[in-house]
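The next block holds one structure in the form of structure tokens; read it before the comments.
The values are calculated or read from the model by the stated rules, or taken from the named source; none is laboratory data. Keep in mind the model is a prediction, meaning the values are calculated, not measured. Every residue, glycine as well, gets a Cβ built from its backbone with ideal geometry; the counts of neighbours run over all protein chains shown.
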Amino acid sequence: MKDPKNPPDPYSGGRRIGVLISGRGSNLQAIIDAVRAKELNAEIAVVISNKADAGGLKRAEQAGIETLVLDHQDKATFATREDYDRELARELKARHVSLVCLAGFMRVLTSVFLEQFPEAVVNIHPSLLPAFPGTNAQYQAWEHGVKWTGATVHLVTTELDGGPIVLQDAVPVRDADDVDTLAARILEKEHYLYPLAIQLLLNGEWKVNGRRLIRERGSSA
Ligand code: GRF
């Protein structure tokens, strides 16, 4: 029976994603392109940046996607990190976002935010985690001299780059590489991997068991 006070959410079970950026937005572009090519069955409800000059905002505008800037340096509005995270979550919820995709969003999210989106915040990182978390992962790998590095898509927890791994893929490090050539090869892999991982998450049929994200049908990407 329908409850008039609690009408069903027309967006529930939906495929609306919110993308958070801070910079150039090439992963955002890969997501936009995958949606457009119908390789990713999702709707980008909003793109939010913490920086007004993020190049990714233009990419979103060109694609006709709503954009929003929430400037974390606006201390009059966001006195604390939690204040910022509360507002960020509110804006995403207002747009019925069910999966939040970090694409070069250079801020650590607090539990105030993460509790609003349990197992529904995902990030892409340019290394084979748990190797080389944090910033400049491509440089860390190159400088360490590993022969393989790669890209990882993982659920976001309060541990930096530490949540359950959704998908990862390897990239060779060649003797002739400098950091830039290596980073470019990793980025290409990211653009391939992120839409696939978002599709996997939106499709459901997975669960988190301890640290492990397990696909229930045992399929592999
Ligand atoms: C990517 O390397 C991503 O892995 C990392 O930040 C970078 C964002 O690049 N988290 P872009 O803004 O998507 O081009």
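The set of residues in segment 111-125 being of a type in the set (S, T, N, Q) and buried (at least 19 other Cβ atoms within 10 Å of the Cβ) consists of ASN123 alone. Name the single residue that is farthest from the ligand (Cβ to nearest atom) among those in segment 44-59 being under 15 Å from the mean Cα position of the chain (by Cα) and under 16 Å from GLU91 (Cβ atoms). Going through the qualifying residues, I end up with ALA45. Scanning segment 126-160 for residues that are buried (at least 18 other Cβ atoms within 10 Å of the Cβ), among the small types (Gly, Ala, Ser) and either under 20 Å from ASP175 (Cβ atoms) or out of contact with any helix residue (DSSP H, G or I) (no Cβ under 7 Å at 6 or more places or on another chain) (or both) gives SER127, ALA137, ALA141, GLY150.
Please find, within segment 86-97, the residue that is nearest to the ligand (Cβ to nearest atom) out of those that are assigned to a loop (DSSP other than H, G, I, E, B) and surrounded by fewer than 21 Cβ atoms within 10 Å (Cβ to Cβ).
Filtering first and then ranking leaves ARG95.
Where strands (runs of 3 or more DSSP E) fall entirely within segment 105-208, those with at least 3 residues that are of a type outside the set (D, E, K, R), more than 13 Å from the ligand (Cβ to nearest atom) and in contact with a strand residue (DSSP E or B) (Cβ under 8 Å, 6 or more places away or on another chain) are at 165-172. Within segment 115-131, residues that are under 18 Å from ARG15 (Cβ atoms) sit with their Cβ atoms under 7 Å from residues that are modelled with pLDDT of 95 or more and assigned to a loop (DSSP other than H, G, I, E, B), at 6+ positions apart or across chains, in these pairs: ALA120/SER98; VAL121/LEU109; VAL121/VAL156; VAL122/VAL156. Is it the case that segment 174-182 has a residue that's in contact with a helix residue (DSSP H, G or I) (Cβ under 8 Å, 6 or more places away or on another chain) and under 28 Å from ASN41 (Cα atoms)? No, segment 174-182 contains no residue that is in contact with a helix residue (DSSP H, G or I) (Cβ under 8 Å, 6 or more places away or on another chain) and under 28 Å from ASN41 (Cα atoms). Within segment 86-104, residues that are under 21 Å from LEU200 (Cα atoms) have Cβ atoms under 6 Å from residues that are within 16 Å of the ligand (Cβ to nearest atom) and assigned to a loop (DSSP other than H, G, I, E, B) in these pairs: GLY104/SER22; GLY104/GLY23, counting only partners at least 6 apart in sequence or on another chain.
The residues of segment 23-44 that are assigned to a loop (DSSP other than H, G, I, E, B) and more than 18 Å from LEU57 (Cβ to Cβ), listed by number, are ALA37, LYS38, GLU39, LEU40, ASN41, ALA42.
Kindly establish whether VAL100 is among the β-branched types (Val, Ile, Thr), within 24 Å of PRO164 (Cβ to Cβ) and surrounded by 15 or more Cβ atoms within 10 Å (Cβ to Cβ). Can you show your working first?
Numbers: among the β-branched types (Val, Ile, Thr): yes; within 24 Å of PRO164 (Cβ to Cβ): yes; surrounded by 15 or more Cβ atoms within 10 Å (Cβ to Cβ): yes.
Against the criterion (among the β-branched types (Val, Ile, Thr), within 24 Å of PRO164 (Cβ to Cβ) and surrounded by 15 or more Cβ atoms within 10 Å (Cβ to Cβ)), VAL100 qualifies.
Quick check on my filter: what residues within segment 60-85 are acidic (Asp, Glu) and crowded, with 17+ Cβ neighbours inside 10 Å? Correct list: ASP85 only.
Residues in segment 45-68 that are closer than 16 Å to GLY104 by Cα, of a type outside the set (Ser, Thr, Tyr) and assigned to a strand (DSSP E or B): 4 in all.
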